[in-house]
Amino acid sequence: MAKGKLFVISGPSGAGKGTICKEIFDQERNIELSVSMTTRQPRQGEIDKVHYHFVTKNDFDQLIEEDGFMEYANVYGNYYGTPRAQVMEWLEQGIDVILEIDVQGALQVQKNYDDGVYIFILPPSLEELKKRIRGRGSETEETMARRLGEALHEIHNIDKYDYRVINEDLDTAIDRVRAIITAEQCKINGEEVDWIVNKYKEDL
Ligand code: 5GP
């Protein structure tokens, strides 16, 4: 059986990648969304093991020691990481997996995993990004400046990604990410060729 595909989705905070990933996860049957581990406190409405595995720094450090992360990073002062075991199990079972992670994490995955597909979600402009971040209502002028600086830093790494989707209109952006996923699922890869040929031979 062919292995699942790994889709890594990044983009500045406020670009809308979380909403896009969630919609795709809800609509697609054979795709899983990895639940990250984090040391940050849950926000209102966030559920443990659904949105994140909320853990202490000690628990996080323990998984680092056990080499249990596919990648991890410090983002805005908190630790976030992708537990390796579940993702690998899905991929081995032929199930596609989405990781919604920051650029630092995506670069680590690129080093350790050969077959990922990397998608970068962009806001239509920095002005629009400011508006969206302000809309969340939790930013001071200082944290806003920091978030925008980090957004620009992330955008500087866009050359490490395979695709970019500008999220001007949410539905269009979701359609485009789905189109990328569909195209990648239909791509012929060397590993699969024998499997496909044998499958049809068996029916002879
Ligand atoms: P938030 O705290 O707003 O949910 O997420 C903050 C940032 O951390 C986002 O850019 C998000 O993509 C990133 N992030 C979430 N989970 C992971 C993870 O497992 N690894 C890495 N490297 N970044 C993550």
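The values are calculated or read from the model by the stated rules, or taken from the named source; none is laboratory data. Keep in mind it's a predicted model, so treat the numbers as computed, not measured. All Cβ positions, even for glycine, are placed from backbone atoms using ideal geometry, and neighbour counts span all protein chains on display. The area values use the complete protein model at the heavy-atom level, side chains included, leaving out ligands, DNA and RNA. Shrake-Rupley method; radii C 1.70, N 1.55, O 1.52, S 1.80 Å.
Observations, loosely collected:
- Note on the chain: with neighbouring protein chains present and a 1.4 Å probe, carbon and sulfur make up 49 percent of its accessible heavy-atom surface.
- Computed from Cα atoms, the angle from the helix 141-155 axis to the main principal axis of the chain rounds to 30 degrees.
- Excluding the site residues themselves, the longest part of the chain lacking any trypsin sites (Lys or Arg not before Pro) in a DSSP loop with at most 15 other Cβ atoms within 10 Å is 50-135.
- Three semi-axes describe the equivalent ellipsoid of segment 95-175; taken as square roots of 5 times the Cα gyration tensor eigenvalues and ordered largest first, they are 25, 16, 11 Å.
- Percent breakdown of C-alpha pair distances by 5 Å bin, ordered from the shortest bin, for segment 1-74: 3, 12, 19, 23, 21, 15, 6, 1, 0
- Between Q44 and T140, the distance separating the two model label sites (each 7 Å from Cα on the Cα→Cβ line) works out to 2.0 nm.
- Here the label points at D61 and E150, each 7 Å from Cα along the C-beta direction, are separated by 2.2 nm in the simple model.
- Residues E23, E92 ordered from highest to lowest accessible area at a 1.4 Å probe: E92, E23.
- Excluding same-chain neighbours fewer than eight residues apart, the lysines reachable from K5 by a Cα-Cα span under 19 Å are K17, K22, K111, K160, K187.
- Mean silhouette area of the chain, derived from the convex hull of its C-alpha atoms and averaged over all directions, reads 12.7 nm².
- Helical contribution to [θ] at 222 nm, DSSP H n ≥ 4, -39,500 (n - 2.57), averaged over the chain, rounded to 500: -14000 deg cm²/dmol
- Looking at segment 1-91, the accessible area is 52 square angstrom per residue; that uses a 1.4 Å probe and ignores ligands, DNA and RNA.
- Degrees, to the nearest 10: 103-112 long Cα axis against longest axis of the chain: 30 degrees
- Computed about the Cα centre, the dipole magnitude for the chain is approximately 580 debye when only Lys and Arg (+1) and Asp and Glu (-1) carry charge, each at its Cβ.
- Taken per residue, the accessible surface of segment 117-204 reaches 69 Å², heavy atoms only and a 1.4 Å probe.
- For F7, the residues 5 or more places off, or on other chains, whose built amide H falls under 5 Å of its own are V97, I98, L99, V117.
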